[in-house]
Amino acid sequence: MKKSVFLGALTVAGLAAAGASAATLDDVKARGSLNCGVSSGLTGFSQPDANGVWQGFDVAVCRALAAAVLGDPTAVEFVPLTTQVRFTALASGEIDILARNTTWTFSRDTDLKLDFIGVNYYDGQGFMVPKELGVTSAKDLDGATVCIQTGTTTELNLADFFRTNNISYEPIPIETNAEAQQQYLAGACDVFTTDASGLASTRASFENPSDHVILPEIISKEPLGPAVRHGDNDWADIARWTLNALIAAEELGVTSANVAELGAAPTSNPEVNRLLGTEGELGAMIGLDADWAARAIAAGGNYGELFEKNIGVNTPIGLARGLNAQWTEGGLIYAPPFR
Amino acid sequence: MTISTDPPTQGFRLSQLIYDTRYRSYTIQVIAAILIVLGLSWLASNTVENLTALGKSFSLDFLGKRSGYDINQRLIEYDSNSTHGRAALVGILNTLLVAVLGCVTALILGVFFGVLRLSNNWIVSRLASVYVEGFRNVPLLLWIIAIFAVMTEATPSPRDFRGDDPAASMLLGDTVAVTNRGTYVPEPLFANGLGDVAVNPPGVFSDLYFEISLDLVVIVLTLIASFLVVKLVNGRAARIQNATGDRPNTFWTNLAIIVVPTGLLLWVLGFYLGYPELKGFNFQGGTHIRNSLLALWLSLSLYTGAFIAEIVRGGIQSVSKGQSEAAFALGLRANRTMSLIILPQAMRVIIPPLISQFLNLAKNSSLAIAIGYMDVRSTLGGITVNQTGRELEGILLVGIFYLLLSLIISTGMNWFNNRVKLKER
């Protein structure tokens, strides 16, 4: 017995040893590429396209970060992770940043030793059912069989929702979104529940999306954001402000089309100048060069461009900005000042 | 003149530790022991150090906290308000369930196909070979996923049973429903049941509470008593046979002793079957055997059965041909020769490798995670670890559980082996 315990400890110690190195920025620079943990396939958020190139809203955050740090948005190694292994992968140092529609919660931020660097999508948990069932409210789901990804906040919300409404359900635990899709379409579960954005994305990949409805109830708050390891504040700052740069760029009207022009010489707007490095020394304060933010924005566009390109109303996923509009337009997306 | 000299007596020299065979083994053992202790302490200190670096401590407190998640297959009472420890227990019972079911079925399949493989009938022996080679040469994980996929995709969903002209219908006189969520079979119920007795262990074991059905206890006790009486009857028959040479026919008496008291008891308890019925989204009532359990059970049995078949074949072939020839010469038929002469002798060759196969099956059940069967790897080692962030503790506990399970299985099988092995007197 002793031997087995210590072999287990050896494995964990090996993993932990890799994670203990403090300066992620130096590691990334030395490696020449960014290791980014993403979902193993969620249309619009992270999925390889026909050429095997990862595309999506979460993927774009990593590309922007790679552009800011390494100057090359393609210098990213994407690591597809299931919900069960994502935190271990981050803690062990296998990835530098986790951009995998992960909900920011108190215990994850503190007990699990993650540092969420912001929110890139404000979401909530919803339910999807086949139209032919004729269900109009989540409270009609008494006795239903529900497909649920294990190790998620949605799993806990689901248990709470059914218990507080005093109705029963049968959970079918699954590992990946693809598996959920297959089980749901085969009718092995009546309901698929996850974040509403995930439902929209999953439905968009169905053969007949209109045969399925997303129920009106949103049963939880799911602020989704990228996370880094707790303890390396320099790296967390870089990641946080890269995301903020994308958000601020939309607010300031800096797009992938005009960023080169605006960044060439100081403009009349000092905040744009500070963001793009033509004024002040913001880049040096986080250990990067002056035009780090310009490169991040040029990688795929500002926050609004990324949203419209990957998951916006004109894509098959068709998500409206809603809560994810800029604060100036009534949404919650807000970057602190670049100053 | 003789000169006698004593052999030179020299004190112990350090070089003897290396060059003297009397001491060299001690040297080697001491060095090895030091290295092992150093290695282990390095591992321990490294673990502690890195846990501190990550800001984590080693603690099993999480087992007492509220789990917050639901589990579909529960052999004991559990809901999302129960603790993580309770969730682990539910998982452990699910693992044990599939392991026991799997071992029994694998043994039956293995013996059956192992014997068939030696058949003189060409087609029968070839079919058995196809089974053995097909199952043991394809990874188990593929079989689990394939069987689960077939069960999910090829069976009707509960909604197909609805309507005036349903696309699917129940089997065996509307008592069994095969759906893509599992098979619903009638469940035994008691109109005048005796209820349950709750067992609540004190202190740290308070999570281990469970309920025992008194009906089940009474029925089992009655059956045991019946079998004891049958044993008495058989003993008396043997004595009469020894004394007179005639054995009285005990078959009908024994049958009555077993059936009548249990039957009476069932009648008194008001035994009836609860049939599954389509209500709302799913079938309600009856016993729900989930597809994840069925698929795992079936694939584990078929896979391990293929290995056991080879072990059984090897065991049978190790018994000298003269034994069966002698049995035939005495006029025994082929199946009696097999069960009375060959198999008992083959057992001593079969059982030791059989232990390994049972151990394999028990450990392979952790592949349940692929199809969402909630075994201990999925509850304690999966969801709990993920929701609490206690990877080291969780995986250690799962590892210790499998280790204990394996040790118990092999102890039990070794005891059985000692009982059935040829006693040389």
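Just so you know, all these numbers are worked out from the coordinates, no wet-lab data involved. Quantities reported herein were computed from a predicted structural model and do not represent experimental measurements. Glycine gets a Cβ as well: all are built from the backbone with ideal geometry, and neighbour counts include every protein chain shown.
A few comments on the model shown:
- Gaussian network model of chain A, Cα within-10 Å springs - most flexible of A:T82, A:T202, A:T278: A:T278
- Annotation: the residues B:I18, B:I409, B:I71, sorted from fewest to most other C-beta atoms within 10 Å of their own C-beta, follow the order B:I18, B:I409, B:I71.
- Cα-Cα over 25 Å, subset of B:K363/B:K423; A:K139/B:K279; A:K29/A:K309; B:K321/B:K421; A:K131/B:K279: B:K363/B:K423; A:K29/A:K309
- Nitroxide proxy distance, nm - points 7 Å out along Cα→Cβ at B:V204 and A:D160: 3.1
- Spin-label pair B:Y19/A:K139, simplified geometry with 7 Å Cα→Cβ offset, distance in nm: 9.5
- Modelled spin-label separation between A:S210 and B:A329, with each label point placed 7 Å from Cα along the Cα-to-Cβ direction: 8.5 nm.
- FRET efficiency for B:R239 and B:L340, using Cβ-Cβ distance with R0 set to 30 Å, rounded to 0.05: 0.85
- Among beta bridges that DSSP assigns inside region A:124-221, antiparallel share in %, nearest 5: 45
- Average projection area in nm² (convex hull over Cα atoms of region B:178-300, one quarter of hull surface): 13.5
- Normalised by 2.2 N^0.38 Å, with N the number of residues, the alpha-carbon radius of gyration of region A:69-131 equals 1.36.
- Mean projected area of the Cα convex hull of region A:124-221, taken over all directions, amounts to 5.4 nm².
- Each 5 Å bin, from zero up to the one with the longest distance, holds this percent of the alpha carbon pairs of region B:1-140: 2, 7, 7, 7, 6, 6, 7, 8, 9, 9, 8, 7, 5, 3, 3, 2, 2, 1, 0, 0, 0.
- Cβ-derived FRET efficiency at R0 30 Å, B:R419 paired with B:L221, nearest 0.05: 0.70
- FRET efficiency for the A:K221 to B:N81 pair, using the beta carbon distance and R₀ = 22 Å, is estimated at 0.50.
- For the peptides B:74-81, B:60-67, B:190-197, the ranking by mean Cβ contacts within 10 Å, running from highest to lowest, is B:60-67, B:74-81, B:190-197.
- Remark: B:T411, A:T176 ranked as B:T411, A:T176, counting other beta-carbon atoms within 10 Å and listing the fewest first.
- Among B:F135, B:F307, B:F251: highest mean-square fluctuation, GNM of chain B, C-alpha pairs under 10 Å: B:F251
- For region B:28-34, Karplus couplings with θ = phi - 60° (6.51, -1.76, 1.60), whole Hz, Gly/Pro x: 4, 5, 5, 4, 4, 4, 4
- Counting, for every residue in A:128-134, the Cβ atoms of other protein chains within 10 Å of its Cβ and taking the mean gives 1.
- For chain A, the C-alpha radius of gyration sits at 1.04 times the compact-globule guess of 2.2 N^0.38 Å, with N the residue count.
- Counting DSSP beta bridges with both ends in the protein assembly as shown, the antiparallel % (nearest 5): 70
- With 0.36 nm allotted per residue and the present C-alpha distance subtracted, the B:I258-B:A32 stretch has 75.1 nm of extension available.
- Relative contact order (%) - chain B, alpha-carbon pairs under 8 angstrom, separation at least six: 22
- Trypsin sites (Lys or Arg not before Pro) within region A:161-258, DSSP loop, no more than 15 other Cβ atoms inside 10 Å: A:K221
- Chymotrypsin sites (Phe, Trp or Tyr not before Pro) restricted to DSSP loop in region A:170-256 with at most 15 other C-beta within 10 Å: A:F206
- Length gained on full extension, B:R126 to B:S356, computed as 0.36 nm times the residue gap minus the Cα-Cα distance: 80.2 nm.
- Kyte-Doolittle mean at least 0.0, axial Cα span of 15 Å or more - DSSP H helices of chain A: A:2-19, A:57-70, A:233-252
- Of the trypsin sites (Lys or Arg not before Pro) found in region B:148-191, those that fall in a DSSP loop while having at most 13 other beta-carbon atoms within 10 Å are B:R162.
- Other protein chain C-beta atoms within 10 Å of residue C-beta, averaged over A:208-215: 0.
- Of B:L89, B:L171, B:L40, the one that fluctuates the most in a GNM where chain B has Cα springs shorter than 10 Å: B:L40
- Placed amide H near B:F210: partners under 5 Å, 5+ positions off or other chain: B:V199
- Number of partner chain Cβ atoms within 10 Å, mean per residue of A:136-149: 2
- Partners for B:K65 among aspartates and glutamates (Cα-Cα distance below 19 Å; same-chain residues under 8 apart left out): A:D109, A:D111, A:E155, A:D160, B:E77, B:D79, B:D207, B:E391, B:E393
- Close amide H contacts of B:V176 (hydrogens built in the peptide plane, cut-off under 5 Å, sequence separation of 5 or more or a different chain): B:L171.
- Alpha-carbon gyration tensor eigenvalues x 5, square-rooted, for the protein assembly as shown, Å: 58, 41, 24
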